[in-house]
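See structure below.
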């Protein structure tokens with residue numbers, strides 16, 4: 001079951017959902033719009049290795065915007081910091097962003113109960129497109145959880161993305177055992 005706007009507001013009142021900063025105009029019928037922060041990153045290596053710690057280089061989007069190019073993985077982050085303590089958050093791209101040929105995530109649209117951070121975006125573009133800090137980039141949809149949660153994400157020893165940071169985070173696949 002997807003939470004409605006009133007249910008999202010009620011969950012925020014209870015502290016089950018935190019959105020900082022919160023803007024009432026960003027609350028939709030059953031979602032909350034998030035915005036692109038000024039922070040971007042790209043990997044420094046031409047070939048990425050799933051067993052290695054692939055380094056990234058951070059940079060900020062200038063006032064005049066930044067042109068994304070196809071064939072490059074850009075890591076971005078949401079301007080908003082969020083916490084979800086009783087619901088499953090899903091991040092989806094806005095249709096207006098998709099119609100510009102921009103994808104904001106390849107596979108990581110679902111968060112976990114207990115996720116507390118800015119969202120890292122895995123941005124790719126179908127053709128060159130200029131983006132801007134502060135532009136609406138996605139929408140969070142919250143799903144009701146059936147049953148009690150035993151392992152909140154922010155309390156799991158194996159959680160790899162728990163340190164609060166407004167900067168996009170690189171893949172931590174290398175921390176897995178395989």
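The values are calculated or read from the model by the stated rules, or taken from the named source; none is laboratory data. The model shown is predicted, which means the values in this text are computed figures rather than measured ones. Ideal geometry is used to build each Cβ from the backbone, glycine not excepted, and the neighbour counts take in all protein chains shown.
Please specify each residue of the stretch 118-129 satisfying the condition of being surrounded by 15 or more Cβ atoms within 10 Å (Cβ to Cβ) and farther than 25 Å from residue 154 by Cα. Hits for the stretch 118-129 are 124, 125, 129.
Tell me, please, whether a residue that is surrounded by fewer than 18 Cβ atoms within 10 Å (Cβ to Cβ), farther than 23 Å from residue 55 by Cα, in contact (Cβ under 8 Å) with a residue 12 or more places away in the chain and under 16 Å from the mean Cα position of the chain (by Cα) can be found in the stretch 92-99. So far as the stretch 92-99 goes, yes, one or more of its residues are surrounded by fewer than 18 Cβ atoms within 10 Å (Cβ to Cβ), farther than 23 Å from residue 55 by Cα, in contact (Cβ under 8 Å) with a residue 12 or more places away in the chain and under 16 Å from the mean Cα position of the chain (by Cα). The set of residues from the stretch 152-170 being modelled with pLDDT of 90 or more and out of contact with any strand residue (DSSP E or B) (no Cβ under 7 Å at 6 or more places or on another chain) is empty.
Would you say residue 160 is in contact (Cβ under 8 Å) with a residue 40 or more places away in the chain, more than 11 Å from the chain's Cα centre (by Cα) and surrounded by fewer than 18 Cβ atoms within 10 Å (Cβ to Cβ)? Spelling it out, it is not the case that residue 160 is in contact (Cβ under 8 Å) with a residue 40 or more places away in the chain, more than 11 Å from the chain's Cα centre (by Cα) and surrounded by fewer than 18 Cβ atoms within 10 Å (Cβ to Cβ). Among the residues of the stretch 152-178, just one is farther than 29 Å from residue 48 by Cα and in a loop (DSSP other than H, G, I, E, B), namely 152. Going by the conditions given, is residue 62 closer than 20 Å to residue 137 by Cα, over 20 Å from the mean Cα position of the chain (by Cα) and free of Cβ contacts under 8 Å to residues at least 60 places away in the same chain? Yes, satisfied. The residue list 32, 132, 43 contains one member that is closer than 20 Å to residue 166 by Cβ, surrounded by fewer than 17 Cβ atoms within 10 Å (Cβ to Cβ) and touching a residue at least 24 places away in the same chain (Cβ under 8 Å), which is 132. The numbered conditions (1) more than 21 Å from residue 24 (Cβ to Cβ); (2) over 10 Å from the mean Cα position of the chain (by Cα) are all true for residue 122 except (2). Checking each residue in the stretch 46-59 for being without any contact (Cβ under 8 Å) to a residue 60 or more places away in the chain and either under 19 Å from the mean Cα position of the chain (by Cα) or within 22 Å of residue 139 (Cα to Cα) (or both) picks out 57, 59. Taken together, the criteria place residue 108 among residues that are surrounded by 14 or more Cβ atoms within 10 Å (Cβ to Cβ), free of Cβ contacts under 8 Å to residues at least 24 places away in the same chain and in a loop (DSSP other than H, G, I, E, B). Among the residues making up the stretch 126-151, those that are part of a loop (DSSP other than H, G, I, E, B) and either touching a strand residue (DSSP E or B) at 6+ places or on another chain (Cβ under 8 Å) or over 20 Å from residue 1 (Cα atoms) (or both) are 126, 127, 128, 132, 133, 134, 135, 145, 150, 151.
Considering only the stretch 59-77, I want to know if a residue exists there that is farther than 19 Å from residue 102 by Cα, surrounded by 18 or more Cβ atoms within 10 Å (Cβ to Cβ) and either modelled with pLDDT of 95 or more or out of contact with any strand residue (DSSP E or B) (no Cβ under 6 Å at 6 or more places or on another chain) (or both). For the stretch 59-77, residues farther than 19 Å from residue 102 by Cα, surrounded by 18 or more Cβ atoms within 10 Å (Cβ to Cβ) and either modelled with pLDDT of 95 or more or out of contact with any strand residue (DSSP E or B) (no Cβ under 6 Å at 6 or more places or on another chain) (or both): absent. Hey, any hits in the stretch 55-76 for a residue that's touching a helix residue (DSSP H, G or I) at 6+ places or on another chain (Cβ under 6 Å) and at negative phi? Looking through the stretch 55-76, none of the residues is touching a helix residue (DSSP H, G or I) at 6+ places or on another chain (Cβ under 6 Å) and at negative phi.
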